[in-house]
Amino acid sequence: MKRKKENGETVEAISQSIRELLKQKRVEKITVNEISKKSNIHRITFYYHFQDKYSLLDFVFTENMNEILNRNSGKSIKETIIDLFKHLSENEQMYMNAFTSNEYQSLEGIYLRTTREYFNEIIDQLSVSGKLLVEKKYLIEFYSHASTKFIVDWVKNENRDESWYAATQLVNMIELGFGKCIGMH
């Protein structure tokens, strides 16, 4: 039991180190040596837990998304997306340095995967009759891709709107659908 706790503490220390380093510089400028030194561990310990810095980033960003989704379980789409944008805004430099990396392209894939899971659950919850006008897989793909692209572009844009405003706009597009957004009835 103690060993498992120590492993969890080590992984948390490594995760926290990459978060702090990402606030200072882009992914390609961060080395495993820096992460290890900041975590007070040996390189070999790093490699015991992670294949490389990119697998660490995958772990950290997946954990971040899962934490947000779990924290908002049972809440509205609007509350969840506003919380996501708040998190992105509070950790702006970290995400900017990850999203704009020339080497690290997995972050967008992580968001795509987690938004697919999220929209799958939302559609199941909201389609009480089970009758959908559009096939479920197409709804999931459309909204997960659109949401991910919207989020990535928002993070990368230095002249972006306030997080609550951008989140509200995304929620309106999701909840209202295209027809209602452009005034069709």
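The values are calculated or read from the model by the stated rules, or taken from the named source; none is laboratory data. Owing to the predicted nature of the structure, the values given are computational and were not obtained by experimental measurement. Glycine gets a Cβ as well: all are built from the backbone with ideal geometry, and neighbour counts include every protein chain shown.
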Verdict on Asn33 being part of a helix (DSSP H, G or I), exposed (fewer than 12 other Cβ atoms within 10 Å of the Cβ) and free of Cβ contacts under 8 Å to residues at least 60 places away in the same chain: yes
Filtered residues of the stretch 50-79 (kept if under 16 Å from Leu170 (Cα atoms), touching a helix residue (DSSP H, G or I) at 6+ places or on another chain (Cβ under 7 Å) and of a type in the set (Ser, Thr, Tyr)): none
Residue within the stretch 78-86 that is modelled with pLDDT under 90 and either of a type outside the set (Lys, Arg) or surrounded by fewer than 11 Cβ atoms within 10 Å (Cβ to Cβ) (or both) present: no
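Quick check on my filter: what residues within the stretch 36-49 are touching a helix residue (DSSP H, G or I) at 6+ places or on another chain (Cβ under 6 Å) and either in contact (Cβ under 8 Å) with a residue 60 or more places away in the chain or of a type outside the set (Lys, Arg) (or both)?
The answer is Ser36, Ser39, Phe46, His49.
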Positions within the stretch 36-55 being outside any helix (DSSP H, G or I) and within 22 Å of Gly109 (Cα to Cα), in sequence order: Phe50, Gln51, Asp52
The stretch 112-143 - residue that is of a type in the set (Val, Ile, Thr) and surrounded by 13 or more Cβ atoms within 10 Å (Cβ to Cβ) and, of those, farthest from the chain's Cα centre (by Cα): Ile123
Residue that is surrounded by the most Cβ atoms within 10 Å (Cβ to Cβ), among those in the stretch 94-111 that are within 11 Å of the chain's Cα centre (by Cα) and modelled with pLDDT under 80: Leu107
Pairs, first of a type in the set (Lys, Arg) and assigned to a helix (DSSP H, G or I) in the stretch 106-122, second surrounded by 15 or more Cβ atoms within 10 Å (Cβ to Cβ) and at pLDDT 85 or above, C-beta under 7 Å, six or more apart: Arg116/Ile140; Arg116/Ser144
